[in-house]
Amino acid sequence: MSAPRPGVRLIAIHGKAPRIHDSAFVAPGCAIIGDVEIGADSSIWYNCVLRADVSRIVIGERSNVQDGSVLHCDPPRPGDPDGSPLLIGNDVLVGHMAMLHGCVIEDRGFVGLGAIAMNKAVIGNDAMLAAGAMLTEGKVMGPRELWGGRPARLMRELDDAAITGMRLGVMHYAQNAKDHAAAIAGAEQA
């Protein structure tokens with residue numbers, strides 16, 4: 001199990017405990033449960049729930065899951081021996097209040113505010129799921145695609161400016177996480 005973090009609930013279940021890289025930021029108010037792995041320099045923001053009680057959740061490096069998001073997975077079933085783990089790559093942006101369930105977000109993917117991605121859905125490299133969109137079960141977004149709506153559908157290809165903006169967002173959240181970690185440490189010492 002990872003080292004205790006002030007204000008964060010780290011809960012082991014079914015013999016599996018969260019594994020959080022020392023450089024990752026997890027904000028107070030979060031609950032990290034079960035078979036969760038969080039990579040280097042990633043950040044999990046205030047009041048997120050990551051519940052890996054029936055499968056696993058893996059978050060790569062420098063990725064961020066913003067405030068109030070809920071992440072879960074699905075167990076193996078007859079005809080589906082792998083179940084639906086939730087797999088998030090490197091340099092991924094997940095907007096506030098997103099709901100991710102048993103999906104895959106490839107490197108540099110983007111999930112907009114309040115968006116939903118369901119079991120076995122895939123958000124490709126450098127792709128963006130628009131704010132409020134719902135990517136239904138098994139849908140696959142290709143690289144650099146923008147999908148929106150409920151249910152989500154391909155809207156257009158992303159241009160270089162949009163890709164650059166997403167990469168700047170990753171850098172911003174990596175630095176902002178360090179600033180918040182320092183502020184929390186300072187508040188604890190006061």
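Here is how the numbers come out for the structure above:
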quantity	calculated
Check on HIS101, farther than 22 Å from GLU61 by Cβ and at pLDDT 95 or above	yes
Residue that is most open to solvent (accessible area, probe 1.4 Å), among those in segment 9-49 that are under 16 Å from ASN90 (Cβ atoms) and assigned to a loop (DSSP other than H, G, I, E, B)	HIS21
Residue match in segment 64-76 (condition: touching a residue at least 60 places away in the same chain (Cβ under 8 Å), among the polar types (S, T, N, Q) and surrounded by 24 or more Cβ atoms within 10 Å (Cβ to Cβ))	yes
Segment 110-130 residues that are of a type in the set (Val, Ile, Thr), paired with ones that are open to solvent by less than 10 Å² (accessible area, probe 1.4 Å) (beta carbon under 6 Å, 6 or more apart)	VAL111/VAL94; VAL111/GLY95; VAL111/ALA98; VAL111/LEU129; ILE123/ILE105; ILE123/GLY109; ILE123/LEU129; ILE123/MET141
Flag for LEU87 being assigned to a strand (DSSP E or B) and open to solvent by 40 Å² or more (accessible area, probe 1.4 Å)	yes
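Each row is one residue, and each column tells you yes or no for (1) in a helix (DSSP H, G or I); (2) open to solvent by less than 40 Å² (accessible area, probe 1.4 Å); (3) closer than 20 Å to LEU87 by Cβ.
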{"site": "GLU137", "(1), (2), (3)": "no, no, yes"}
{"site": "PRO151", "(1), (2), (3)": "no, no, no"}
{"site": "MET155", "(1), (2), (3)": "no, no, no"}
{"site": "ALA161", "(1), (2), (3)": "yes, no, no"}
{"site": "MET166", "(1), (2), (3)": "yes, yes, yes"}
{"site": "HIS172", "(1), (2), (3)": "yes, no, no"}
{"site": "GLN175", "(1), (2), (3)": "yes, no, no"}
{"site": "LYS178", "(1), (2), (3)": "yes, no, no"}
{"site": "ALA187", "(1), (2), (3)": "yes, no, no"}
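The values are calculated or read from the model by the stated rules, or taken from the named source; none is laboratory data. This structure is a prediction, so every number in the text was calculated from the model and none was measured. With ideal geometry, Cβ positions are generated from the backbone for all residues, glycine too; neighbour counts draw on all protein chains shown. For accessibility, only protein heavy atoms count, side chains too; no ligands or nucleic acids. Shrake-Rupley method; radii C 1.70, N 1.55, O 1.52, S 1.80 Å.
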